[in-house]
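Remarks on the structure that follows.
The values are calculated or read from the model by the stated rules, or taken from the named source; none is laboratory data. None of the values given here were measured: they were computed from a predicted structure. We place every Cβ from the backbone using ideal geometry, glycine too, and count neighbours over all the protein chains shown. These area figures cover heavy atoms from the full protein model, side chains too; ligands, DNA and RNA do not enter into them. Shrake-Rupley method; radii C 1.70, N 1.55, O 1.52, S 1.80 Å.
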Amino acid sequence: MVSLKLSSFTHFFSSPSTTAISHRSPIILRRRFRQPLAATFSAKSTAAETTKDKVDNSKNKVPDRVITPRSQDFNAWYLDIIAHAELADYGPVRGTMVIRPYGYAIWESIQEYLNVKFKETGHSNMYFPQFIPYSFIEKEASHVEGFSPELALVTIGGGKELEEKLVVRPTSETIVNHMFTQWIHSYRDLPLLINQWANVTRWEMRTKPFVRTLEFLWQEGHTAHSTPEEAENEAKQMIDIYTRFSYEQAAIPVITGRKSKVETFAGACKTYTIEAMMGDRKALQAGTSHNLGQNFSRAFDTQFTDENGQREYIWQTSWAVSTRFVGGIIMTHGDDAGLMLPPKIAPIQVVIVPIWKKDDEKMTVLNAALSVKEALQSSGIKVKLDDSDQRTPGWKFNFWEMKGVPLRIEIGPRDVSSGSVVISRRDIPGKQGKVFGISTEPSILEAYVKDKLDEIQSSLLERAIAFRDSNIVDVSTYDDLKAAISQGKWARGPWSASDEDELKVKEETGATIRCFPFEQPQGIKRCLMTGDPAEEVAIFAKSY
């Protein structure tokens, strides 16, 4: 048995009550999970409602309102979508989550894209242990200072007190360096480019599913180089991969840049970041890439013999994205009807809903629906045929809209007779997004569906760009900055002030420097705080 002793905490997270349910009706699941999710993941959540909704078990009964409107309560809306779209559930330890199959499928889409890009750039996957000697964490001073409040420690193993306490992996720079010291001896061993897909534990006090949980999934890359130029190029190359993923796959228009010294990763020389604007206009740090310099190699004495026979310390990087990206996708694209997924990362790109009223129509319609499914699947489209007869077509429409499926195909007896289908877009609600009479001839249907999926992908990105740009305010004074932040917007302005001034902004406004964007305006600039010359503009925002 392994016992965990938790550092710097005086209480354990309580587990929510578990109410038994006799069947798996999605409607009942929506109602049941709405309050437990909020109670589990939010430190300031309200008490659970005492009045239970009575749900008619009839297939014709659909609740009028199952999702809190975004404009009414963004956090409740977010938690509702996670529950109702069956993305995640709470774990028995408060602040942990169980990622359900649909939520994990989104994470798999992220993995599939990034895995290809990592291997194209010469990286290999491997795996490091989850338990790290505490002495490793202590070797790099700023690292232990930055992570100490979040550590989970193992002090007992096999029923006995451990000689040295173990850290449950919060990140892997320390154990990676321990192994690099054993593997790297000469310049011929460099560069060393690795990545691991793993879980990490950070004991957060205030949690939010996908965005900030005690345990989460991520990839973390670690590289070793013989020169500082190679390390810097690597760090920028990886943040560029994350940026392209955000735009091209997730349809999230991130702003890429460098973190301030105050916001730089503990133990890094430079941190590069992608910052995304969520639907409530808060910033989400969606991915980071760190130039570690020689900080860890000096702490662990990781050296190599260069071409001149001299012993040198290696130069390093680390970089990561996590399941936090799933939360970013929800908060960027979702609406009051539920989740809205970009087609390139959607687990299901097209759902087919067959419609019949009479028993003698059922098989004809189902056979036509199956033919459509097979035709689309053969062209590489991810398709779901909802041929269940426990729910009405209207219920199915609402359910798959809530799960964010980009396209819905409807097939009824008249459609079968005319050799056509009805296609509805998730991103355009109502009649405007519905087109009738699309031919079921495979080549025509496949081309139409692929074209519409591309249109949806582009539309979601364009919509997100417009929202982002309309909520960034250019400021030239501290008063301007405070006004912009008070309105819930991002503030962009020249900055060359001190770390103390940066902390003052955070204390007085709640906003932090999200980054110094790579794309900088030309011309002479004056710091918004001090009036001194400034070489760069910074973006300030409240964040998750």
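Among strands (runs of 3 or more DSSP E) lying entirely in the stretch 272-323, which contain 3 or more residues that are acidic (Asp, Glu) and either farther than 15 Å from Ile252 by Cβ or more than 32 Å from the chain's Cα centre (by Cα) (or both)?
Hits in the stretch 272-323: none.
Consider the stretch 406-430. How many of its residues are among the basic types (Lys, Arg), surrounded by 19 or more Cβ atoms within 10 Å (Cβ to Cβ) and assigned to a helix (DSSP H, G or I)?
0
In the list Lys270, Lys236, Lys208, Lys282, which residue meets the criterion of being of a type outside the set (S, T, N, Q) and under 21 Å from Pro149 (Cα atoms)?
After ruling out the rest, the residue left standing is Lys208.
Could you go through the stretch 442-456 and let me know if any residue there is within 27 Å of Glu374 (Cβ to Cβ), in contact with an Asp or Glu (Cβ under 7 Å, 6 or more places away or on another chain) and not in a strand (DSSP E or B).
yes
Out of the residues in the stretch 436-457 meeting the condition of being touching a residue at least 40 places away in the same chain (Cβ under 8 Å) and surrounded by fewer than 16 Cβ atoms within 10 Å (Cβ to Cβ), tell me which one is farthest from Leu376 (Cα to Cα).
Ranking the qualifying residues of the stretch 436-457, first place goes to Asp454.
Determine, yes or no, whether Val473 is at pLDDT 95 or above, open to solvent by less than 30 Å² (accessible area, probe 1.4 Å) and hydrophobic (A, V, I, L, M, F, W, C).
no
If I go through the stretch 377-415 residue by residue, how many of them are more than 25 Å from the chain's Cα centre (by Cα), among the hydrophobic types (A, V, I, L, M, F, W, C) and closer than 25 Å to Tyr78 by Cα?
Number of matching residues: 2.
Within the stretch 380-390, is there a residue that is under 18 Å from Glu441 (Cβ atoms) and either among the aliphatic types (A, V, I, L, M) or touching a His at 6+ places or on another chain (Cβ under 7 Å) (or both)?
Yes: one or more hits.
Filter the stretch 374-403 down to the residues that are closer than 28 Å to Ile82 by Cβ and assigned to a helix (DSSP H, G or I) and list them by number.
Pro393, Gly394, Trp395, Lys396, Phe397, Asn398, Phe399, Trp400, Glu401, Met402
When you look at Trp315, is it farther than 23 Å from Val66 by Cβ, of a type in the set (Phe, Trp, Tyr) and open to solvent by 60 Å² or more (accessible area, probe 1.4 Å), yes or no?
Spelling it out, Trp315 is indeed farther than 23 Å from Val66 by Cβ, of a type in the set (Phe, Trp, Tyr) and open to solvent by 60 Å² or more (accessible area, probe 1.4 Å).
Within the stretch 267-312, can you find the residues that are β-branched (Val, Ile, Thr) and either open to solvent by 20 Å² or more (accessible area, probe 1.4 Å) or out of contact with any helix residue (DSSP H, G or I) (no Cβ under 9 Å at 6 or more places or on another chain) (or both)?
Result: Thr305, single match.
Tell me which helices (runs of 4 or more DSSP H) are completely within the stretch 114-230 and hold 3 or more residues being open to solvent by 30 Å² or more (accessible area, probe 1.4 Å) and closer than 29 Å to Phe325 by Cβ, or say none if there are none.
Here the list reads 141-147.
Residues in the stretch 334-356: is at least one more than 27 Å from the chain's Cα centre (by Cα), assigned to a loop (DSSP other than H, G, I, E, B) and buried (at least 24 other Cβ atoms within 10 Å of the Cβ)?
Among the residues of the stretch 334-356, not one is more than 27 Å from the chain's Cα centre (by Cα), assigned to a loop (DSSP other than H, G, I, E, B) and buried (at least 24 other Cβ atoms within 10 Å of the Cβ), which makes the answer no.
Here are some residues: Lys384, Lys403, Lys396. Which one is surrounded by fewer than 18 Cβ atoms within 10 Å (Cβ to Cβ) and basic (Lys, Arg)?
Sole residue among the options that is surrounded by fewer than 18 Cβ atoms within 10 Å (Cβ to Cβ) and basic (Lys, Arg): Lys384.
Out of all the residues in the stretch 479-504, which are of a type in the set (A, V, I, L, M), more than 16 Å from Glu275 (Cβ to Cβ) and either assigned to a loop (DSSP other than H, G, I, E, B) or in contact (Cβ under 8 Å) with a residue 12 or more places away in the chain (or both)?
Those that are of a type in the set (A, V, I, L, M), more than 16 Å from Glu275 (Cβ to Cβ) and either assigned to a loop (DSSP other than H, G, I, E, B) or in contact (Cβ under 8 Å) with a residue 12 or more places away in the chain (or both): Leu481, Ala497, Leu503.
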